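Working notes for the structure below.
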Amino acid sequence: MFPTHSPPSLFTPTVRILLCPDSFKESLGAWHVAQALAQGFRRALPQAHCHLLPLADGGEGTVEALVAATGGRVVRVPAHDPLMRPREAEFGLLGDGVTAAIELAAASGLALLPPEERNPLVTSTFGLGELMKAALDAGCRRLVVGIGGSATNDGGAGLATALGARLLDADGQLLPPGGAALARLAHADLRGLDPRLALTEILVACDVTNPLTGPQGASAVYGPQKGADPGMVEVLDAALAHYATVLAKQLGRAVAQVPGAGAAGGTGAGLMAFLGAQLRPGFALVADAVGLAAQIAQADWVVTGEGKIDEQTRFGKVPFGVAQLAAVYQKPVLAFAGTIGAGAEVMYQHGLLGIFPIVDRPMPLTQALAQAPALLERAAERVGRLLAFYQPG
């Protein structure tokens, strides 16, 4: 429930505007979106205080948002791609010096492979484990891991081996990378697992509730997106089922049916089973890390946004999360979007006071993407001119 507002009045220069958008996919990162909005608002409201707090929901852009919000820095390190080829990848070292933000997609992501190379029978999360190890080497003892966008279906086996685990078959041989090999797992030797992990808090941004196996599991639901045909899905699902049985027996952690175990090709299950990680909703995890609630409490207006706002936005997306949290403090929330899709009006029932498209004239999508900074600035200026005569009561 939002407060009533006073009649239109002259803008007071002490009004504080919190700018906390998500990225506009394929166009701008969240920090650049916030900067563009701030430019527009300042044109209309030169004395307003704009605070930039870029956000993410645990997927793409999480590292950028957390680094920007905490005054951290990006660290580039050697790693391997999903097919075990050397590459560079990055993680974020946050401003407190002991927390790392890591995206699975940086080293083990689907976008790193052209369609003809996508094969979850052999792709691995080894690169994700390398990023986690690099964060430990940098002195981090708290890891925030976003696991969206994976190219893998290996149950997190690859990341575990990168961190020192040895996954062996019945002959005592190391399993090769990939999801298919899990069918041969006989023993998980964790004696070489990096001891620093026992002293490290691992939080995983995960917004799906799929179990590890079965009709709603990792292989059946997400395998086809990663290049799996029906026959491969069957092989992968059986391999993960066997893998889960062995881990439950040897490690005492039955995680296969835990909601989110099937995330990122079973990476959720592996992080829980091997490392005792905690799975959290992505937006809530990022919001806690950047202190969003405290910033909302101090704001007069809260401004958010993302590339598309539609009926799906209420399922854990940034504008929904911002609106829900702002309602606790009775703060009005405005949202900007590249596209307003079907069902977006439902967001008016979930805390958004207004939704504003940034495109101000007919144009091709490619042009809109290229001109996003200017479009955002102009849209914010238009809204800012209204706010100049309207303020929360």
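The values are calculated or read from the model by the stated rules, or taken from the named source; none is laboratory data. Quick caveat: nothing in here was measured; it's all calculated off a predicted structure. So basically every Cβ, Gly included, is an ideal-geometry build from the backbone, and we count neighbours across all protein chains shown.
List the helices (runs of 4 or more DSSP H) that sit entirely inside the stretch 29-109 and contain at least 3 residues that are touching a residue at least 60 places away in the same chain (Cβ under 8 Å) and of a type outside the set (A, V, I, L, M).
30-44
Mind listing whichever residues of the stretch 83-104 are buried (at least 24 other Cβ atoms within 10 Å of the Cβ) and among the small types (Gly, Ala, Ser)?
If the condition is that a residue be buried (at least 24 other Cβ atoms within 10 Å of the Cβ) and among the small types (Gly, Ala, Ser), then Ala89, Gly92, Ala100, Ala101 are the ones that fit.
Give the residues of the stretch 114-171 that are of a type in the set (Ser, Thr, Tyr) and either within 21 Å of the chain's Cα centre (by Cα) or not in a helix (DSSP H, G or I) (or both), sorted by residue number.
Selection gives Thr123, Ser124, Thr125, Ser150, Thr152.
Could you identify the single residue in Val346, Val359, Val383 that is β-branched (Val, Ile, Thr), part of a helix (DSSP H, G or I) and free of Cβ contacts under 8 Å to residues at least 60 places away in the same chain?
Answer to the selection: Val346.
Looking at the stretch 34-45, can you tell me whether even one residue there is buried (at least 24 other Cβ atoms within 10 Å of the Cβ) and at pLDDT below 95?
There is no residue in the stretch 34-45 that is buried (at least 24 other Cβ atoms within 10 Å of the Cβ) and at pLDDT below 95.
Name the single residue that is farthest from the chain's Cα centre (by Cα) among those in the stretch 297-316 being surrounded by 24 or more Cβ atoms within 10 Å (Cβ to Cβ) and either acidic (Asp, Glu) or over 15 Å from Leu18 (Cα atoms) (or both).
Ranking the qualifying residues of the stretch 297-316, first place goes to Ile309.
How do the pairs read when you match residues in the stretch 313-335 that are under 18 Å from Glu345 (Cβ atoms) with residues anywhere that are surrounded by fewer than 22 Cβ atoms within 10 Å (Cβ to Cβ) and charged (D, E, K, R), using Cβ under 7 Å and keeping only pairs 6 or more apart or on different chains?
Phe320/Arg314
Quick check on my filter: what residues within the stretch 50-82 are surrounded by fewer than 24 Cβ atoms within 10 Å (Cβ to Cβ), at pLDDT 95 or above and not hydrophobic (A, V, I, L, M, F, W, C)?
His51, Gly72, Arg73, Arg76, Pro78, His80, Asp81
Here is a list of conditions, (1) modelled with pLDDT under 95; (2) surrounded by 15 or more Cβ atoms within 10 Å (Cβ to Cβ), and Gly341 meets all of them except one; can you say which number that is?
Gly341 satisfies every listed condition except (2).
If you check every pair at least six apart or on different chains, which have Cβ atoms under 7 Å apart with a residue in the stretch 238-250 that is modelled with pLDDT of 95 or more first and a residue that is surrounded by 15 or more Cβ atoms within 10 Å (Cβ to Cβ) and of a type in the set (Ser, Thr, Tyr) second?
Leu240/Thr213; Leu240/Ser219; Ala241/Thr213; Ala244/Thr213
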